[in-house]
Amino acid sequence: MGNPILEVHTLCAEASMKVLLKSLGFNPGPSLQRHVTVRISSALAHWADRVGRAVVRIADANGPRGGLDKVCSIHLLLPNRAVVVVTAVATDYYGAVDLAVRRACRAVAHAIERRPRGKGVRPLFPEGDALLQGSFE
């Protein structure tokens, strides 16, 4: 039994948001890397200027036994050092990534809406922003 392998891939290093993929115990391959990049980038595009970094961790919790054991956690760094962390578990990596991204979208919207709006603090979104009023499912 050797040490687990930690693969780290910088997927998207645009000026607005950096996406880092970390996989424990396996090489995610180009297909899964592309899936993570597309899902994160498109889902968080509305908040790309407010999300400084996204770290996506994927792992197989049970190893070769199978079952509901593919874990994806997403850590997002927001303004004022706020951090949003979501985790999802599914039977395959793609499903875990999709579920975690949906949860991350809702959590980021919630965190940004809760931002204090005191005197001299301008809102991040106009009051009638349709994206915040819709469902992210």
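Read-outs throughout are calculated quantities, based only on the coordinates presented, and are distinct from any laboratory measurement. Being a predicted model, the structure only gives us computed values, none of them experimental. Don't worry about glycine lacking a Cβ; one is built from the backbone with ideal geometry, like all the others, and counts go over all protein chains shown.
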Report the charge-dipole magnitude of region 6-115 in Debye, nearest 20, computed about the Cα centre from +1 at each Lys and Arg Cβ and -1 at each Asp and Glu Cβ. 340
Going by average Cβ neighbours within 10 Å, how do the peptides 98-109, 28-39, 78-89 rank, with the highest at the top? 98-109, 28-39, 78-89
Output needed for region 6-115: three equivalent-ellipsoid semi-axes, defined as square roots of 5 times the C-alpha gyration tensor eigenvalues, in descending order, whole Å. 24, 15, 11
How big is the shadow of the Cα convex hull of region 49-103, averaged over all directions, in nm²? 3.7
Using R₀ = 30 Å, calculate the FRET efficiency as 1/(1 + (r/R₀)^6) where r is the Cβ-Cβ separation of Asn80 and Ser31; round to 0.05. 0.25
